[in-house]
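Q: After the structure tokens below, expect a handful of questions from me.
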Amino acid sequence: MRLKDKVALITGAAGGIGHAVAELFTKEGAIVIATDIKPPEKPYAGDVEVMTLDVTSEEQWATTVAAILRRHGRLDILINNAGIIAYEPLDKLEMREWQKMIAVDQTGVFLGMREAVRVMRRQQAGAIVNISSIWGSAAVSGAHSYHAAKGAVRNMSKNAAMTYAGEGIRVNSVHPGFIHTPLTDAQNPELNRIVIDTTPMKRGGQPMEIAYGCLFLASDEASYVTGTELNIDGGYLAQ
Ligand code: NAP
């Protein structure tokens, strides 16, 4: 019961990492609101409230958080997890592809943090965890727009952490390495093999291994932790 009675909003929770976070948080006693643009890919183990939220929509963020406040009276935790990936290198990147990536992976995080911080400032308490990536702090060839967005999420997290550190609001980022999810299942197997082969642990991670990092950062156990980045990557970034 590490999150007993805390109200937690998770984005992109239909499958993959977000789904695991939703299940773990409800097991640990949180009131979980799992959101996505699509219905859950499989039922959640445990009591999870499901809502539709497109993280690129300013209006949907406002109505979703307002509905949570009406129902539960507060918002203690935000996990900004929704994301997409693309591999176009800089010279082949079309404007509309760039804009889509920035809209989901970066603007979505901005809108979510802004909405949550407005509530958390009134509460003088709250924890935000933004899911970045190993590609938010190190580079691989190609995937220019993904690097742009995930690097921004890393620094946006630190900025929000500094800005609200005196108001009981903690903001941290999590940087997964290769994780087995619907996102990576849909990728080129050869690309997946290369990333796994270059991971010191020589395996991909499971969504629950990311969820446990989110659990620590979202819980009161991390009461002195803000502005940090937690790599959960089988040792990838230690190389
Ligand atoms: P996933 O299984 O694809 O889950 C992400 C979810 O977000 C999907 O359901 C996706 O829907 C949804 N989504 C897409 N656009 C959205 C929008 N505008 N509003 C709300 N939801 C939206 O991916 P995952 O691997 O669990 O990734 C979760 C997060 O971890 C992402 O931010 C990703 O960048 C990050 N990450 C993953 C890995 C990895 O190896 N898996 C590594 C580093 C970082 P669609 O399926 O329809 O797009």
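Q: Based on the Cβ-Cβ distance of Met162 and Glu190, what FRET efficiency does E = 1/(1 + (r/R0)^6) give at R0 = 35 Å, to the nearest 0.05?
A: 0.30
Q: Here's something else I'd like to know. Show me the GluC sites (Glu not before Pro) within the stretch 1-59 that DSSP assigns to loop and that have at most 13 other Cβ atoms within 10 Å of their Cβ.
A: Listed in order of number, the matching sites are Glu41.
Q: Less than 13 Å Cβ to Cβ from Arg2, Lys/Arg counted +1 and Asp/Glu -1: what total charge do the surrounding residues give?
A: So the surrounding residues net to -2.
Q: Here's a follow-up. So what is the 222 nm mean residue ellipticity for the chain from helices alone, if each DSSP H run of at least 4 adds -39500 (n - 2.57) and you divide by all residues, rounding to the nearest 500 deg cm²/dmol?
A: My calculation for the chain gives -12500 deg cm²/dmol from helical runs alone.
Q: For the stretch 94-202, which GluC sites (Glu not before Pro) are both in a DSSP coil and crowded by at most 15 other Cβ atoms within 10 Å? Before the final figure, lay out each step's value.
A: Working: sites: Glu94, Glu97, Glu115, Glu167, Glu190; in loops: Glu94.
For GluC sites (Glu not before Pro) across the stretch 94-202 that sit outside H, G, I, E and B with at most 15 neighbouring Cβ atoms in 10 Å, the list reads Glu94.
Q: Treating only the Cβ atoms of Lys and Arg (+1) and Asp and Glu (-1) as charged, compute the dipole magnitude of the chain about its Cα centre; round to the nearest 20 debye.
A: Taking the Cα centre of the chain as origin, the dipole is about 480 debye.
Q: Something else now. If each Cα of the chain is one equal point scatterer, what is log10 of I(q)/I(0) from the Debye formula at q = 0.10, 0.14, 0.15, 0.16 Å⁻¹?
A: Rounded to two decimals, the profile gives -0.42, -0.85, -0.99, -1.13.
Q: OK, next. Amide H of Ile31: which non-local residues (sequence gap of 5 or more, or other chain) have their own amide H closer than 5 Å, using H built in the peptide plane?
A: For Ile31, whose amide H was placed from the backbone, the distant partners under 5 Å are Asp5, Lys6, Val7, Ala8.
Q: Any idea which of Ile68, Ile17, Pro182 is furthest toward the positive side of the dipole for the chain, if Lys and Arg beta-carbons carry +1 and Asp and Glu beta-carbons -1?
A: The Cα lying farthest towards the positive end belongs to Ile68.
Q: Checking the a/c ratio against 1.5 first, then a/b against b/c, what shape does the Cα gyration tensor give for the stretch 21-83?
A: Oblate shape, in that a/c is at least 1.5 and b/c is the bigger or equal ratio.
Q: For helix 58-72, what angle does its Cα long axis make with the longest principal axis of the chain, in degrees from 0 to 90 and rounded to 10?
A: Helix 58-72 sits roughly 40 degrees off the main axis of the chain.
Q: Which whole number in µm²/s is D for the stretch 172-239 by Stokes-Einstein, with the Kirkwood Rh taken over Cα pairs at 10 °C and 1.306 mPa s?
A: Rounded to a whole number, D works out at 123 µm²/s.
Q: Once the principal axes of the Cα atoms of the stretch 1-139 are found, what is the range along each, listed largest first in whole angstroms?
A: Rounded to whole Å, the extents work out to 49, 32, 27 Å.
Q: Cα centroid distance between the stretch 1-77 and the stretch 127-206, in Å?
A: 20
Q: Say a paramagnetic label sat at a point 7 Å from the Cα of Phe216, along Cα to Cβ; which residues of the stretch 137-173 have their backbone N under 13 Å from it?
A: From the stretch 137-173, the list is 173.
Q: Semi-axes of the stretch 107-239's equivalent ellipsoid from the Cα gyration tensor, sqrt of 5 times each eigenvalue, largest first, rounded to whole Å? The partial results should precede the final answer.
A: Numbers: eigenvalues 164, 47, 30 Å².
Each semi-axis is the square root of five times an eigenvalue, giving 29, 15, 12 Å.
Q: Starting from the eigenvalues of the Cα gyration tensor, five times each then square-rooted, give me the equivalent ellipsoid semi-axes of the stretch 7-46, largest first, whole Å.
A: Values for the stretch 7-46, descending: 15, 10, 7 Å.
Q: Could you work out how far helix 108-123 tilts from the main Cα principal axis of the chain, as a 0 to 90 degree angle to the nearest 10?
A: Taking the Cα atoms of the chain, the angle to 108-123 is about 20 degrees.
Read-outs: derived from the displayed coordinates by stated rules, not from any lab. A quick note: this is a predicted structure, and the numbers were derived from the prediction, not measured. Positions of Cβ are generated from backbone atoms using ideal geometry, with glycine treated the same way; all protein chains shown enter the neighbour counts.
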